[in-house]
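Working notes, beginning with the structure itself.
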Amino acid sequence: MQKYTKEEILMFISLIRKTFGKYPKESGGCYKFHLALKLAFGGQGWYDSDHVVTEIGGRFYDINGEVITLSYTYLPIEDYGYDHMNKSFKEHL
């Protein structure tokens, strides 16, 4: 898999944010944004029952850019399963 630099990922995030704006809180946007990042860069989603972030190359990202501090409550989306996530966010997809 191709490795991307932090700057390339942040440039992509900035472009998406400038083009579409930030998503409203509790809109499911964080999960949709994770799916876009995963499609563009690969990576793994992390979920804490409130918010989704994406790990790419050992760094975590959301619509705001790099997430520096991640609480211990986040678990890999794979622990929940994408079927569970899709059902949980179905009204937003």
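The values are calculated or read from the model by the stated rules, or taken from the named source; none is laboratory data. Here the structure is a predicted model, which means the values were calculated and not measured. All Cβ positions, even for glycine, are placed from backbone atoms using ideal geometry, and neighbour counts span all protein chains on display. When the accessible area is computed, the model is the full protein with side chains, heavy atoms only, and any ligands, DNA or RNA have been set aside. Shrake-Rupley method; radii C 1.70, N 1.55, O 1.52, S 1.80 Å.
Which of the following residues is charged (D, E, K, R), at negative phi and touching a Lys or Arg at 6+ places or on another chain (Cβ under 7 Å): Lys25, Lys6, Lys32, Lys38?
Lys6
Go through the stretch 52-68 and report how many residues are within 19 Å of Lys25 (Cβ to Cβ) and in a loop (DSSP other than H, G, I, E, B).
Within the stretch 52-68, the subset within 19 Å of Lys25 (Cβ to Cβ) is 52-54, 60-65, 67.
Retained after the next criterion (residues that are in a loop (DSSP other than H, G, I, E, B)): 63-64.
Total meeting the criteria: 2.
Would you mind finding the one in Leu39, Leu10, Leu15, Leu35 that is closer than 24 Å to Lys90 by Cα, among the aliphatic types (A, V, I, L, M), more than 8 Å from the chain's Cα centre (by Cα) and at pLDDT 90 or above?
None of the others qualify; the one that does is Leu39.
Only residues that are under 29 Å from Thr5 (Cβ atoms), among the aliphatic types (A, V, I, L, M) and open to solvent by 50 Å² or more (accessible area, probe 1.4 Å): list them for the stretch 71-93, please.
Leu75
Checking Leu10 against (1) in contact with a helix residue (DSSP H, G or I) (Cβ under 7 Å, 6 or more places away or on another chain); (2) open to solvent by less than 90 Å² (accessible area, probe 1.4 Å): exactly one of these is not met. Which one?
Condition (1) is where Leu10 drops out.
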